[in-house]
Amino acid sequence: MSESSVVDGVAKDLFIGGKWVAASGGRSFAVHDPSTGQRLCEVADASPADGKAALDAAVAAQPGFAAMPPRERGEILRRAYEILLARNEELALLMTLEMGKPLAEARGEVAYAAEFFRWFAEEAVRIDGGYAVAPNGNGRFLITKQPVGPTLLITPWNFPMAMGGRKLGPAIAAGCTVVIKPAEQTPLSMLALAGVLAEAGLPDGVLNVVTTSDAGAVMEPLIRDGRARKLSFTGSTAVGRKLLEQCAEKVLRTSLELGGNAPFLVFDDADLDAAVDGAMQAKMRNIGEACTAANRFYVQRGVYDEFARRLTERMAAQKMGRGTEDGVVVGPLIDDDAVRKVRELVADAVDRGARVLTGGSEVDGPGHFYPATVLVDVPRDARMSDEEIFGPVAPISVFDTEDEAVAAANDTEYGLVSYLFTNDVKRALRVSERLEAGMIGLNQGIVSNPAAPFGGIKQSGLGREGGTVGIEEFLETKYIAVSL
Ligand code: ADP
């Protein structure tokens, strides 16, 4: 399986109404390999008219899909799960080529995307309702759930397939048709996923994929159109805010999974081996390009130096290179802007008094690389205390008391995830309750799981994805008042 055959094997057109079609005017845009900066291929560049055609197809397919037996919807997802597992190797390579993550992580992501389909295949047949006696005894309440309707999905480049699976799984299980727009940096994984779902028997028009270099121009008219009834978005808080405003016009249901600024707390009573392992996972998964990435490490004074020493040792040993090479952990960042931002944040922290224990240097040659970096004594006024680093940089600061740690952790507009390492069960529960986050990693560095509710509070978003609540985001509750 060569790299070029994997890229050649993906359809590069728009997927609308069950057909692969060229963009109007035949326009296309380039997809690049971030490890070399070289062009991989061109994909169709949808116009607003193409976007409208995709929404037309989703609207037309909605009544039929809502009427499809839940078991059949579930079986489509189950087949897609099996196809993904069977094709894991080629899909992983495709993802690594367009996004840069190490192959081992790309394989993990294909399996993770597949797990969303398996989970929601099981959820499709568990959509429940109710029957109740009215309090006055005279009437009855029938409660049922129906698909929200045609849905717009927008996904980011950092998990190009899993974010598709996380949204498409519950949408399809619930009976919603969709228009999905993948990030312009990584359209190939989504195009491949569309091929998998078509092969699994998804009816024409249920899934429509528009790739475009101008997300705003294509999506805003669809959001304002009024026929789509929901938007589910994963991306930056800045864009999420803008989309929420656009959704207000026609009062669309919204699910937003936005930025994070995860604190990682290590108390003196923590298992330090577990804390360092957890730190490596929370920091280095996806080269630090994850909204769940640990962005600020707060370590209690008694273990501060030892934690920093051990983390530095591990970080310094991480192999940097192209994601296709054996043993690489530090793949390229997505583009030059990403590298520039990380460089600026590190320079700013150092200017304000942080010390570099490893990394922090420029990388020569092609591709968009930044080395695994550890900073200590990072002051509160460093920009990275407030901004997502989105790269392999671990800033560490010291604390003395539990109150101080909780205050520092919560001192952010974000509230996606917080990590907490302690062996004191009372402290574990006390601090978990006080941390302002939708998710807590308690003595573990990874929280993502298709069977658990993923999402944030504060400016990290609205709604939850995955778990038993994930499908609710795509369902409306209808109440029928029955006279007896
Ligand atoms: P990032 O900074 O991680 O690239 P973005 O929020 O810019 O995050 O992008 C996430 C997704 O949102 C991508 O699919 C991108 O194309 C899309 N996007 C960006 N701007 C807009 C917009 N104005 N309207 C709709 N989608 C957008």
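So Glu249 fits all but one of (1) within 11 Å of the ligand (Cβ to nearest atom); (2) surrounded by fewer than 24 Cβ atoms within 10 Å (Cβ to Cβ); what number is the exception?
Every listed condition holds for Glu249 apart from (1).
Here is a check on your reading of the model: is Ser432 more than 13 Å from Ala294 (Cβ to Cβ), modelled with pLDDT of 95 or more and among the small types (Gly, Ala, Ser)?
Answer is yes for this residue.
Restricting attention to helices (runs of 4 or more DSSP H) lying wholly within region 169-270, give those where 2 or more residues are within 30 Å of Ser385 (Cα to Cα).
Once the helices (runs of 4 or more DSSP H) in region 169-270 are filtered for at least 2 residues that are within 30 Å of Ser385 (Cα to Cα), what remains is 215-225, 237-250.
Every residue in region 431-484 that is more than 29 Å from Met284 (Cα to Cα) and in a strand (DSSP E or B), please. Please lay out each step first, then the result.
Taking region 431-484 as the starting set, the residues that turn out to be more than 29 Å from Met284 (Cα to Cα) are 471-484.
If the condition is that a residue be more than 29 Å from Met284 (Cα to Cα) and in a strand (DSSP E or B), then Leu475, Glu476, Thr477, Lys478, Tyr479, Ile480, Ala481, Val482, Ser483 are the ones that fit.
Checking Thr292 against (1) over 30 Å from Thr373 (Cβ atoms); (2) within 16 Å of the ligand (Cβ to nearest atom), which test does it fail?
Against the list (1) over 30 Å from Thr373 (Cβ atoms); (2) within 16 Å of the ligand (Cβ to nearest atom), Thr292 comes up short only on (1).
List pairs: first in region 15-30 and assigned to a helix (DSSP H, G or I) and crowded, with 16+ Cβ neighbours inside 10 Å, second at pLDDT below 95 and of a type in the set (Lys, Arg), Cβ under 7 Å, 6+ apart or cross-chain?
none
Answer yes or no as to whether Ala194 is under 20 Å from Pro63 (Cα atoms), modelled with pLDDT of 95 or more and more than 10 Å from the ligand (Cβ to nearest atom).
Judged against the criteria, Ala194 is not a match.
When you go through Ala106, Ala92, Ala183, Ala113 one by one, which is the residue that is over 23 Å from Ala30 (Cβ atoms) and at pLDDT 95 or above?
On inspection, the qualifying residue turns out to be Ala113.
Within region 173-190, how many residues are within 15 Å of the ligand (Cβ to nearest atom) and either more than 12 Å from the chain's Cα centre (by Cα) or small (Gly, Ala, Ser) (or both)?
Qualifying residue count, region 173-190: 12.
Residue pairs, Cβ under 7 Å, 6 or more apart or interchain, first in region 148-160 and farther than 18 Å from Leu207 by Cα, second within 10 Å of the ligand (Cβ to nearest atom) and modelled with pLDDT of 95 or more. List them.
Once the first residue is farther than 18 Å from Leu207 by Cα and sits in region 148-160, its partners that are within 10 Å of the ligand (Cβ to nearest atom) and modelled with pLDDT of 95 or more give Trp157/Ala183; Trp157/Gln185; Trp157/Thr186; Trp157/Ile334; Asn158/Glu289.
Just to verify a result, which residue in region 147-172, among those that are among the hydrophobic types (A, V, I, L, M, F, W, C) and near the ligand (Cβ under 10 Å from one of its atoms), is surrounded by the most Cβ atoms within 10 Å (Cβ to Cβ)?
Met163
Given Ala11, Ala53, Ala49, Ala57, which one is surrounded by fewer than 16 Cβ atoms within 10 Å (Cβ to Cβ), farther than 28 Å from Phe369 by Cβ and among the aliphatic types (A, V, I, L, M)?
Details: Ala11 fails: surrounded by fewer than 16 Cβ atoms within 10 Å (Cβ to Cβ); Ala53 fails: surrounded by fewer than 16 Cβ atoms within 10 Å (Cβ to Cβ); Ala57 fails: surrounded by fewer than 16 Cβ atoms within 10 Å (Cβ to Cβ).
Ala49 is the lone residue from the list that is surrounded by fewer than 16 Cβ atoms within 10 Å (Cβ to Cβ), farther than 28 Å from Phe369 by Cβ and among the aliphatic types (A, V, I, L, M).
All but one of (1) more than 29 Å from Glu89 (Cβ to Cβ); (2) in contact with a Ser or Thr (Cβ under 6 Å, 6 or more places away or on another chain); (3) away from the ligand (no atom under 11 Å from the Cβ) hold for Val218; which doesn't?
The single condition Val218 does not satisfy is (3).
Can you pull out every residue in region 221-240 that is in contact with a strand residue (DSSP E or B) (Cβ under 8 Å, 6 or more places away or on another chain), in contact (Cβ under 8 Å) with a residue 24 or more places away in the chain and within 12 Å of the ligand (Cβ to nearest atom)?
The answer is Leu222, Ile223, Leu231, Ser232, Phe233, Thr234, Gly235, Thr237, Gly240.
Results for (1) without any contact (Cβ under 8 Å) to a residue 40 or more places away in the chain; (2) closer than 18 Å to Lys101 by Cβ; (3) outside any helix (DSSP H, G or I), shown as yes or no for each residue.
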{"residue": "Ala338", "(1), (2), (3)": "no, yes, no"}
{"residue": "Val356", "(1), (2), (3)": "yes, no, yes"}
{"residue": "Gly367", "(1), (2), (3)": "no, yes, yes"}
{"residue": "Val374", "(1), (2), (3)": "no, no, yes"}
{"residue": "Arg380", "(1), (2), (3)": "yes, no, yes"}
{"residue": "Gly391", "(1), (2), (3)": "no, yes, yes"}
{"residue": "Ser397", "(1), (2), (3)": "no, no, yes"}
{"residue": "Ala408", "(1), (2), (3)": "no, no, no"}
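The values are calculated or read from the model by the stated rules, or taken from the named source; none is laboratory data. Values in this document were obtained by computation on a predicted structure and should not be read as measured data. Glycine also receives a Cβ, built like all others from the backbone with ideal geometry; neighbour counts cover every protein chain displayed.
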